[in-house]
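Reading through the structure tokens given below for one structure.
The values are calculated or read from the model by the stated rules, or taken from the named source; none is laboratory data. All values derive from a computational prediction rather than experimental measurement. Cβ placement follows ideal geometry from the backbone for every residue including glycine, while neighbour counts extend to all protein chains displayed. To get the accessible areas, we keep the full protein, side chains included, count just its heavy atoms, and leave off ligands, DNA and RNA. Shrake-Rupley method; radii C 1.70, N 1.55, O 1.52, S 1.80 Å.
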Amino acid sequence: MGTTVVTGGAGFIGSNYVRHLIQHTDDDVIVLDAMTYAANESSLAGLPGQRVRLVRGDIADAEVVDAVVKGADVVVHFAAESHNDNSLNDPSPFIQTNLVGTFNLLEAVRRHEVRYHHISTDEVYGDLELDDPNRFQETTPYRPSSPYSASKAGSDHLVRAWVRSFDVRATISNCSNNYGPRQHVEKFIPRQITNVIDGVRPRLYGAGLNVRDWIHVDDHNSAVLAIVERGRIGETYLIGADGEMDNKSVIQMILRLMGADEHAYDHVNDRPGHDLRYAIDSTKLRTELGWAPQYRNFEEGLAATIDWYRRNEAWWRPMKAATEAKYAKTGQ
Ligand code: NAD
Ligand code: TDX
């Protein structure tokens, strides 16, 4: 396809997407990343320098964005402030990056007539009751709960407006919770794995009955590439792999897989406004684009992820103490 700009390509999902592109396409890649606390340059280690270039720049800066987008064939927009807990402590960077940053990208792809894919989240749909037989679909009304999810919802609306008003060639995907290698240790699964490695008890918010719909990051990314290559312009696709599980069961599975007592965890302060349950119906993606997940067994994917964190302590160790110091302030 030529040159793909991957915003946020030094973060969790973006860096795995860059690896996916290098493996499965002939594309050259420009990573546009502000290298915030969430980025890790070593996530791009070992990739071919003649095909992958890192540009350090802020998507909230329109000039930087224009210079990178000009001449590209596709922009896949992963960059975001991505952590709900941070958005509750200080929403301001979420507005700048997720709303202003997306606006700048849309203006640049409009100016230079570049194909655009927007990465979003199932959290824009709010939450479901535990016993609700329905799952989120592309037609579910937006009802975001946190500053993070509201900023992502707003960015989705911007994309649809630019498609309708300016004929920008864009698609949107809303995915459920990702797990896998290179995820920041502030997030639920890597936080607990690295706690257990450190001999610290995992931390469960509230009663831990909240359900998330887990998908391996490689499955998310194979779906994104399918949408970029074959998705219909202007359409939204939900990405999910039927991986619903409550947080308590996830913690117990991690403890068991790591050879520890499955009851050796603590309940801590709940997240304000904590969404109860997310669940994705990905029928449209599967039937229209023929996509299917490769990781069908969560326990096996989790075991491989635990193995990755055990073998790559040098990757996560530098951010662990600062992350836990932040959580200590909210009693979490
Ligand atoms: P992450 O926090 O690991 O990475 C975000 C990356 O964006 C970092 O490298 C960071 O430096 C970069 N970034 C932040 N602000 C920037 C700015 N102003 N300019 C340029 N770069 C900036 O996030 P992630 O978990 O990889 O999420 C990637 C995308 O996927 C986000 O849009 C998120 O909303 C979405 N998403 C995530 C999940 C999940 O489970 N993690 C699920 C669904 C959707
Ligand atoms: O220590 C913890 N203990 C705990 O019980 C942490 C960090 C989290 N939790 C709970 C809160 C959630 O119910 O685990 C669940 C998952 O938490 P996060 O990893 O913070 O993810 P979540 O808030 O569900 O959002 C994630 O999925 C959707 C990503 O961070 C978002 O970027 C994505 O849009």
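Across segment 167-179, what is the number of residues that are part of a loop (DSSP other than H, G, I, E, B) and open to solvent by less than 40 Å² (accessible area, probe 1.4 Å)?
Of the residues in that region, 3 qualify.
Among 212, 182, 164, 201, which is the only one that is away from ligand 1 (no atom under 15 Å from the Cβ), among the charged types (D, E, K, R), open to solvent by 10 Å² or more (accessible area, probe 1.4 Å) and not in a helix (DSSP H, G or I)?
201
Which fully enclosed helices (runs of 4 or more DSSP H) of segment 13-120 have 3 or more residues being buried (at least 20 other Cβ atoms within 10 Å of the Cβ) and in contact (Cβ under 8 Å) with a residue 12 or more places away in the chain?
Output list reads 62-69, 102-112.
Restricting to segment 185-202, give me the number of residues that are within 8 Å of ligand 2 (Cβ to nearest atom) and either over 17 Å from residue 246 (Cβ atoms) or touching an Asp or Glu at 6+ places or on another chain (Cβ under 6 Å) (or both).
Of the residues in that region, 1 qualify.
For segment 218-240, does any single residue satisfy the condition of being within 15 Å of ligand 2 (Cβ to nearest atom), modelled with pLDDT of 95 or more, more than 30 Å from residue 75 (Cα to Cα) and under 19 Å from the mean Cα position of the chain (by Cα)?
No, segment 218-240 contains no residue that is within 15 Å of ligand 2 (Cβ to nearest atom), modelled with pLDDT of 95 or more, more than 30 Å from residue 75 (Cα to Cα) and under 19 Å from the mean Cα position of the chain (by Cα).
So if I check each of 127, 156, which one is within 12 Å of ligand 1 (Cβ to nearest atom), over 14 Å from the mean Cα position of the chain (by Cα) and not basic (Lys, Arg)?
156
Out of segment 127-146, which residues are under 20 Å from residue 283 (Cβ atoms) and either open to solvent by less than 60 Å² (accessible area, probe 1.4 Å) or in contact with a His (Cβ under 9 Å, 6 or more places away or on another chain) (or both)?
Listed by number, the residues that qualify are 128, 132, 136, 138, 140, 142.
Being within 18 Å of the chain's Cα centre (by Cα), over 21 Å from residue 188 (Cβ atoms) and among the aliphatic types (A, V, I, L, M) narrows it down to one of 67, 34, so name that one.
34
Just checking: which of the helices (runs of 4 or more DSSP H) contained wholly in segment 227-332 hold 3 or more residues that are open to solvent by less than 70 Å² (accessible area, probe 1.4 Å), farther than 22 Å from residue 13 by Cα and touching a helix residue (DSSP H, G or I) at 6+ places or on another chain (Cβ under 7 Å)?
It comes to 247-257.
Give me a count of the residues in segment 121-159 that are out of contact with any strand residue (DSSP E or B) (no Cβ under 7 Å at 6 or more places or on another chain), of a type outside the set (Asp, Glu) and in a loop (DSSP other than H, G, I, E, B).
Of the residues in that region, 11 qualify.
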